[in-house]
Amino acid sequence: MDLLDILTDKGLRRELPSREEALAVLATTDDQLLDVVAAAGRVRRQWFGRRVKLNYLVNLKSGLCPEDCSYCSQRLGSKAEILKYTWLKPDQAAEAAAAGVAGGAKRVCLVASGRGPTDRDIDRVADTIAAIKDVDENVEVCACLGLLSDNQAERLKAAGADAYNHNLNTSEATYGEITTTHTYADRVDTVTKAHGAGLSACSGLIAGMGESDEDLVDVVFALRELDPDSVPVNFLIPFEGTPLAEEWNLTPQRCLRILAMVRFVCPDIEVRIAGGREVHLRSMQPLGLHIANSIFLGDYLTSEGQAGQADLDMIKDAGFEVEGAEQTTLPRHRAHAAAGAGCGGHQEESACGTGGGCGPCGGHGEAPEAVAAEPKSEPKSESESDEARTDLVRVRRRGAGTELAPNA
């Protein structure tokens with residue numbers, strides 16, 4: 001049995017692959033790429049069919065963040081020429097959200113820059129959630145406000161939030177190299193608080209920051225341990241004016257291998273292609289849909305995405321369908337009995353006997369020698385080639401907080 005057969009079989013049974021197997025996915029060659037996509041696609045279809053969930057970002061507060069995250073255009077000291085504005089009013093945010101929902105988005109993600117919300121900020125977001133749900137009570141609302149203090153997750157839940165996003169971003173071993181103003185443990189604590197309050201936890205990673213294959217596997221295994229319902233996979237957008245502006249380390253093929261590794265480790269979790277999709281996957285975006293079951297529609301926080309209609313056309317042309325509001329995103333065994341609007345939750349007791357959702361349930365043994373992949377050289381940095389497409393990094397100038405209509 002070769003590597004991809006083993007990984008497919010484990011994925012269909014929700015069994016955790018070994019670290020060696022996960023690393024071997026990242027070490028596959030370009031000649032093997034379509035086979036990798038096909039194997040991950042089989043796992044994706046087992047749990048999510050051909051549905052694609054659309055999500056829409058509303059940036060409630062942009063720029064002027066006191067944190068020093070090296071990847072972020074909103075960081076302390078950033079010279080990136082992004083939009084900067086303070087909190088949107090609830091009606092402004094609701095109007096922006098409505099544009100995304102009209103374009104087919106099922107979930108609206110409310111994001112605010114900063115270390116974490118004050119109690120007054122929680123009140124602001126609660127008012128915004130109410131304004132959005134007054135227009136459409138079925139829309140899922142995910143908040144992303146930074147580090148949470150005690151009882152703030154419970155207040156967001158009571159206000160009608162369905163989910164909370166807080167990414168781990170990279171491995172614990174290298175976290176201090178990208179951020180010094182808070183710790184990896186702080187991020188884990190916030191995801192745990194969200195989970196404990198009954199919010200659907202959303203936590204993912206950023207690839208392309210100069211990390212090793214081992215770092216990527218470490219963070220994805222850590223995410224599985226945390227049991228989020230969705231895992232956004234971001235590909236670094238190297239903004240001018242940030243410390244990582246020259247980190248052009250990704251190719252479309254590398255991105256697809258990373259997505260496949262995430263799918264094999266988290267087979268029945270919503271895997272979302274997030275920031276950097278257009279910049280790094282480029283014309284190979286449709287192949288990503290065979291692995292991930294969720295994307296953002298339109299623009300991101302501080303960068304422009306491709307036109308919303310182009311996203312919809314891509315989904316249709318690739319043979320997929322947009323997930324409807326009446327459809328449950330996660331497989332039945334992961335859904336809360338009382339979940340509304342298709343938000344997922346903790347896994348019920350299952351044959352693997354571990355209970356805790358996407359927690360480890362076997363497959364910790366060494367990879368069989370027969371499936372060991374050939375060693376692969378480090379991918380060539382695009383900064384060393386003529387293929388870098390820095391022209392694709394477009395600063396967002398439209399949508400909420402601007403005078404231009406949103407891209408949805």
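The values are calculated or read from the model by the stated rules, or taken from the named source; none is laboratory data. All values derive from a computational prediction rather than experimental measurement. Here the Cβ positions follow ideal geometry from the backbone for every residue, glycine too, while neighbour counts run over all protein chains shown.
Looking only at the range 190-212, filter to residues that are among the small types (Gly, Ala, Ser) and in a helix (DSSP H, G or I); which one of those is surrounded by the most Cβ atoms within 10 Å (Cβ to Cβ)?
194
Residue 66 fails exactly one of the following numbered conditions: (1) over 30 Å from residue 310 (Cβ atoms); (2) surrounded by 15 or more Cβ atoms within 10 Å (Cβ to Cβ). What is the number of that condition?
(2)
Quick one: residue 31 ticks every box in (1) touching a residue at least 24 places away in the same chain (Cβ under 8 Å); (2) assigned to a helix (DSSP H, G or I) bar one, so which box is it?
Result: residue 31 fails condition (1) only.
For the range 213-259, what are the residues that are over 17 Å from residue 170 (Cα atoms) and either within 13 Å of the chain's Cα centre (by Cα) or not in a loop (DSSP other than H, G, I, E, B) (or both)?
229, 252, 253, 256
Is it true that some residue in the range 204-222 is in contact with a Phe, Trp or Tyr (Cβ under 9 Å, 6 or more places away or on another chain) and either hydroxyl-bearing (Ser, Thr, Tyr) or modelled with pLDDT under 95 (or both)?
no
Scan the range 178-189 for residues that are surrounded by fewer than 16 Cβ atoms within 10 Å (Cβ to Cβ) and outside any helix (DSSP H, G or I) and jot them down.
The answer is 180, 181, 183.
State all residues of the range 124-140 that are within 24 Å of the chain's Cα centre (by Cα) and among the aliphatic types (A, V, I, L, M); if no residue qualifies, say none.
125, 126, 129, 132, 139 - these are the residues of the range 124-140 that are within 24 Å of the chain's Cα centre (by Cα) and among the aliphatic types (A, V, I, L, M).
Can you tell which of 175, 164 is buried (at least 18 other Cβ atoms within 10 Å of the Cβ), of a type in the set (Phe, Trp, Tyr) and assigned to a helix (DSSP H, G or I)?
Matching residue, one of 175, 164: 175.
Within the range 113-134, does at least one residue satisfy the condition of being among the small types (Gly, Ala, Ser), touching a Phe, Trp or Tyr at 6+ places or on another chain (Cβ under 8 Å) and crowded, with 16+ Cβ neighbours inside 10 Å?
No - not one qualifying residue is present in the range 113-134.
Any residue in the range 43-50 that is modelled with pLDDT under 90 and surrounded by 23 or more Cβ atoms within 10 Å (Cβ to Cβ)?
No, the range 43-50 has no match at all.
If I ask for residues that are touching a strand residue (DSSP E or B) at 6+ places or on another chain (Cβ under 6 Å) and either within 20 Å of residue 217 (Cβ to Cβ) or hydroxyl-bearing (Ser, Thr, Tyr) (or both), which ones from the range 1-57 would you list?
56
Quickly run through the range 242-269 and pick out the residues that are aromatic (Phe, Trp, Tyr) and more than 26 Å from residue 80 (Cβ to Cβ).
264
Out of the residues in the range 38-61 meeting the condition of being outside any helix (DSSP H, G or I) and β-branched (Val, Ile, Thr), tell me which one is farthest from residue 124 (Cα to Cα).
52
Quick check on my filter: what residues within the range 88-124 are in contact (Cβ under 8 Å) with a residue 60 or more places away in the chain, touching a strand residue (DSSP E or B) at 6+ places or on another chain (Cβ under 6 Å) and part of a helix (DSSP H, G or I)?
The answer is 93, 96, 100.
Among the residues of the range 1-21, write down those that are assigned to a helix (DSSP H, G or I) and either touching an Asp or Glu at 6+ places or on another chain (Cβ under 7 Å) or under 10 Å from residue 265 (Cβ atoms) (or both).
Residues satisfying the conditions are 3, 4, 6, 7, 10, 11, 19, 20, 21.
Please specify each residue of the range 277-333 satisfying the condition of being of a type in the set (D, E, K, R) and assigned to a helix (DSSP H, G or I).
277, 278, 282, 311, 313, 316, 317, 332
Does residue 153 fit the bill of being in contact (Cβ under 8 Å) with a residue 12 or more places away in the chain, in contact with a Lys or Arg (Cβ under 7 Å, 6 or more places away or on another chain) and farther than 21 Å from residue 271 by Cα?
Yes, satisfied.
What is the number of the single condition among (1) touching an Asp or Glu at 6+ places or on another chain (Cβ under 7 Å); (2) basic (Lys, Arg); (3) farther than 22 Å from residue 295 by Cα that residue 53 does not meet?
It fails just one condition, (3).
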